[in-house]
Every structure is written in C-alpha cells, then in structure tokens.
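Notes for the one structure printed next.
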Amino acid sequence: LEETYRFPDFHSPILTEGEIGAKPMVMLMGQYSVGKTTFIKHLLGRDFPGSHVGPEPTTDRFMALVHSEDEKTIPGNALALQTHLPFGSLREQGGGFLSKFEAACVNSPILQKITLIDTPGILSGEKQRIGRNYDFSEVIKWFADRVDRILLLFDAHKLDISDEFRTCINELKGHDDKVRVVLNKSDSVDPQQLLRVHGALMWSLGKCLNTPEVVRVYVGSFWDEPIDQKGMCNADLFEREKTDLINDLKSLPKGSALRKVNEIVKRTRLAMIHAHIIGHIRNQMPSMFGKESKQKEIIENLADIFNDVRIANNLTPGDFPHMGEFKAKLEGYNGSFKDLPGPSKSKILRVNEALEKDLPYLIKMVPGMQAPSHSSGGAEFNPFDAPEAKINMSTIDAHQMLSLIHI
C-alpha cells in the first residue's frame, strides 16, 4: 500500500527489518556543553571511542552507541549499509549528513539492552547553520519517530532555549510520552537557587512543548566527580533522582515490543488515510485539459479535500496528516497529479483486515498480553492477582512481525 500510493514521498521511508528488530533507542538532545557526552560516559561507567568533552562545542556529529565485542567506530556511509541496524533509511538524508554520523561500538552491558544516540550540541542563531549541509531538524524528526526515549538535557546555569533548539523541540510533537528532561549540574547551585532554576525551566518548557501534561524532570549531577559543596545538602535528592532515571531506562526493553506494534498501528492508519487522499486527488484531475490549474486549485483547497475524504470514508480527524506539511509536499511534487494512483478498495480492505485481525494477533504474542483464564471455583476474577510478566523481545522477531503485517 505504501509503495503504490508513494507514502515515502509524503511521510517517512518504508520500515526496514533492521528498524523493526532494533533494540530500544534513547536520544540525548541539548545545547552545547550541557553534559550530554559526560552523561553517557557516566551511564556506561567508562569512556567510548570518539568521545570528546570540553567547555566548547565538542560533539559535532550524531553518534550511535551500539554494543559490540570489538570496540571501533563505523563511519555513517558504512553504518547505513548495516542491515541488522536501524539506520538504513538515513541514506535519504544524503552524504552531507552521513559524513557527520558514526557509530561507536562499545562492549558495555547497558548497550546489550538499549542503543544511545548522542547529538551535536545546539548553538544559538546563525552559528548553528553555518557550514551544515543537511537539515538538522529533519534528522531530529527521523530519530524522534523511532526512539523509545528522548532526554532533553539542560545546564542549571544555562536555561535559555535557542531558536534552533526550539525548532527541534517542535519536531518532537506527537512524541510527548517519550520526552524526559534532565536538569544537569544541579549541585553547582544551592537549594534556594535550585528551586528558582527548576521553576524557570518549567516556565520555558511550557512555551515550547505546548502540552497540558507536566514533563518529568530529573534533577542531579550526572558525572563521576564528587558533588559540589553548594549542593551537598541535596545529595540524597540527587541520588534518588538518578535511581529513578536509571529505572526508567531499564524499563524500556520491557515495553519496546508493544511500542513497536503501537507505532505500526499508527503508521497503518496513516497509510490508509494517505491512500484515500491520494486516490481522491487523482479522481479530481481532468482527463485532458486544465491539469495545471486544477493542481493549484487542489492545493489551495486541501482542507476541503481532507474534509470530503473524512466524511466519505467515516474517518477520524486525529488520524489525518498535518495539513501544512502535506500541502508543502504537494507543492513540491515533481509530476502531474494525474499520474498518481487512483482508489483501490481491495488494497485498503486488505490493510483494514490487517488492523482488525493480524495486528491484534501480534499483540497477543507479547508475553503478559494474553487474556488470563478465569480461575475455577466461582470466585470473581481479579486481574491484579496475575503476576507481572516481563516482555522478552526474543519472542517477537522481525520476521514474525513483517510476515504478519505484509499486505
């Protein structure tokens, strides 16, 4: 369905087997010198190939930290060809990005369960864009669609949010449940100042995230040095916050299988709606004359087309793509809308059948998601009596998932 209706041209590339079978990923974002690389070293308990730490902007590239017995770095172009890793579709970002992307292979126990993504420190103003020959926010969006957790790191002394950092945070919309905030270097201020810093941070984030839910903020000093004397009286608080953050990261492998199924369900719904929209646009095109003027009319009246498709097929407005982004894709489409594929009820019915039958069956394969049998003896069944089940990712491999959702 995605190939027929050119889904990758309007949305994201077709999922690869490496993406479906990948370990949970954690992406770290923040402005320069907030301690992202130091945080990773503290988490791993060791240094890693390609790491640089300093008060100036040191990380000038995206770096994926993956587990391997042989410690080495893999350049981006070679990394995108590794079919067992989830980075194949990054080839579409071009050689400019791939030259600024690499993987550090590290023999660390934590990387056996998760993959870490270190991002370049974000500067202020035009300095950030000089010399960059790839779309930074577009790459952030690619990772945001695929990672399981997004950590926004802030320095207790630098709470300002630059324009590009704000743009990157805007790319996280729709992934609010993945976002956590780390207020780093909190031991460098006394308790009264920390209270004010925390309040100022929440106020700044409220203007960026635009969500009624309060984002979880972890307060602490995430490095291997002793706690500063200024924050010594908050030492117990920092230790509890660090424990909560580590436990949050530890929980990711348990929920990774369900998250992937959930993302596939969301993607399937979007692909169905995309097919309806493209088919409707194709039907609006004249057979011979006036094609260019009709294309302009379709783009200008896209809101009416969305509404007509929604009413005709009884669809939910919340499942539709962002209208502004879809309009921009139509404006940049290289070709005639007459060449787009027309409606195909059979393909859409098969995808709908996958939503109603195949994907629920896939969910049942996740340990702990099977409907528990009622106990005999007439006593009312209490679902909270069932023991907590751990999700074993090995029970659902990429081949099973691909075969079940293959349309």
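The values are calculated or read from the model by the stated rules, or taken from the named source; none is laboratory data. Keep in mind that what you see is a predicted model, and the values were worked out from it rather than measured. Neighbour counts run over all protein chains shown; Cβ positions are idealised from the backbone, glycine included. Heavy atoms of the whole protein, side chains included, go into the accessibility calculation; ligands, DNA and RNA do not. Shrake-Rupley method; radii C 1.70, N 1.55, O 1.52, S 1.80 Å.
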Residues in segment 151-184 reached by a label modelled at LYS329 [backbone nitrogen below 18 Å; 7 Å Cα→Cβ] = 171-175
Averaged per residue, what accessible area in Å² does the chain show with a 1.4 Å probe, protein chains only?
-> 52 Å²
Virtual paramagnetic centre 7 Å along Cα→Cβ of SER162, amide N under 15 Å, in segment 82-123 | 119-123
Provide the FRET efficiency to the nearest 0.05 for the GLU69-GLU297 pair, computing r from the beta carbons and using R0 = 45 Å.
-> 0.15
Ranked by accessible surface with a 1.4 Å probe, highest first, in what order do LYS41, LYS296 come?
-> LYS296, LYS41
Report the longest stretch of the chain that contains none of the GluC sites (Glu not before Pro) sitting in a DSSP loop with at most 10 other Cβ atoms within 10 Å.
-> 214-379
Give me the accessible area of LEU340, 1.4 Å probe, in Å² rounded to the nearest 10.
-> 10 Å²
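Quick one: ranking LYS185, LYS230 by accessible area, 1.4 Å probe, largest first, what do you get?
LYS230, LYS185
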Taking the inverse of the average 1/r across all pairs of different Cα atoms in the chain, what Kirkwood radius in Å do you get?
-> 23.8 Å
Counting every Cα pair in segment 156-269, what percent are over 24 Å apart?
-> 38 percent
Positive dipole terminus of the chain, leading residue within ILE169, VAL219, SER186 (C-beta point charges) | ILE169
Which chymotrypsin sites (Phe, Trp or Tyr not before Pro) in segment 202-300 pass both tests, a DSSP loop state and at most 12 other beta-carbon atoms within 10 Å?
-> PHE289
Accessible area of the chain belonging to carbon and sulfur atoms, whole % at 1.4 Å probe | 50 percent
Going by a ≥ b ≥ c, the root eigenvalues of the Cα gyration tensor, does segment 275-340 fall in the rounded group (a/c under 1.5), the prolate group (a/b larger than b/c) or the oblate group?
-> prolate
Which one of GLY76, GLY45, GLY21 has the biggest mean-square fluctuation once the chain is modelled by GNM with Cα springs under 10 Å?
-> GLY45
From largest accessible area down, sort VAL366, VAL214; use a 1.4 Å probe on the protein chains.
-> VAL214, VAL366
If every Lys and Arg gets +1 and every Asp and Glu gets -1 at its Cβ, then about the Cα centre segment 216-295 yields a dipole, in debye to the nearest 20, of 940 debye
If a helix is a whole DSSP H run, which ones in the chain reach 24 Å or further along their own axis (Cα) and hold a mean Kyte-Doolittle hydropathy of at least -0.5?
-> 191-209, 252-284
Can you list the equivalent-ellipsoid semi-axes of segment 203-345, largest first and in whole Å, using the square root of 5 times each Cα gyration tensor eigenvalue?
-> 50, 18, 13
Please state the relative contact order of the chain as a whole percent: Cα pairs under 8 Å, 6+ residues apart?
-> 17 percent
Solvent-accessible area of SER346 with every protein chain in place, 1.4 Å probe, in Å² to the nearest 10 | 70 Å²
Can you give the translational diffusion coefficient of segment 174-240 in µm²/s, computed by Stokes-Einstein from the Kirkwood radius over Cα pairs at 37 °C and 0.692 mPa s?
-> 254 µm²/s
Which value at 222 nm does the chain reach when only helices count, each DSSP H run of 4 or more adding -39,500 (n - 2.57), with the total divided by all residues and rounded to the nearest 500 deg cm²/dmol?
-> -12000 deg cm²/dmol
